[in-house]
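Shown next, in structure tokens, is the structure this report addresses.
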Amino acid sequence: MQAGRDDLDVQLAGLPVAGLRGLAAALPDEVLARLTLTVMRELRRRLGPGGARDGKPPATALSRAAQQLVAELAEPGEDSEF
């Protein structure tokens, strides 16, 4: 099943922000809710103690994304780039 994941990683890595927005907008609420919780748990795992991949410290991009997420949730209605 690793080959399927590698293919998906390549497809998502090349997806521009507008493409990600389109993907999220097209998802039904239930699916978006599950995806959101899954992504948040993975983000928390990677940023937590011992959660980094390959024994490396958490990626700066993940730390920035987590900080931006907290800021955007504190001020609903703001639509900014990530």
Q. Looking at PRO76, PRO58, which one is modelled with pLDDT under 70, surrounded by 12 or more Cβ atoms within 10 Å (Cβ to Cβ) and not in a helix (DSSP H, G or I)?
A. PRO58
(Q) Give all pairs with beta carbons closer than 9 Å in which a residue from segment 28-51 that is surrounded by 12 or more Cβ atoms within 10 Å (Cβ to Cβ) meets a residue that is part of a loop (DSSP other than H, G, I, E, B) and not small (Gly, Ala, Ser); count only pairs at least 6 apart in sequence or on separate chains. (A) LEU35/LEU27; ARG46/PRO58; LEU47/PRO58; GLY51/PRO58
**Q.** Condition check for ALA18: surrounded by 10 or more Cβ atoms within 10 Å (Cβ to Cβ) and at pLDDT 70 or above
**A.** no
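The values are calculated or read from the model by the stated rules, or taken from the named source; none is laboratory data. Fair warning: this is a prediction, and the values are worked out from it, not measured in the lab. For neighbour counting, all protein chains shown are included, and Cβ atoms are generated from backbone atoms with ideal geometry for every residue, glycine included.
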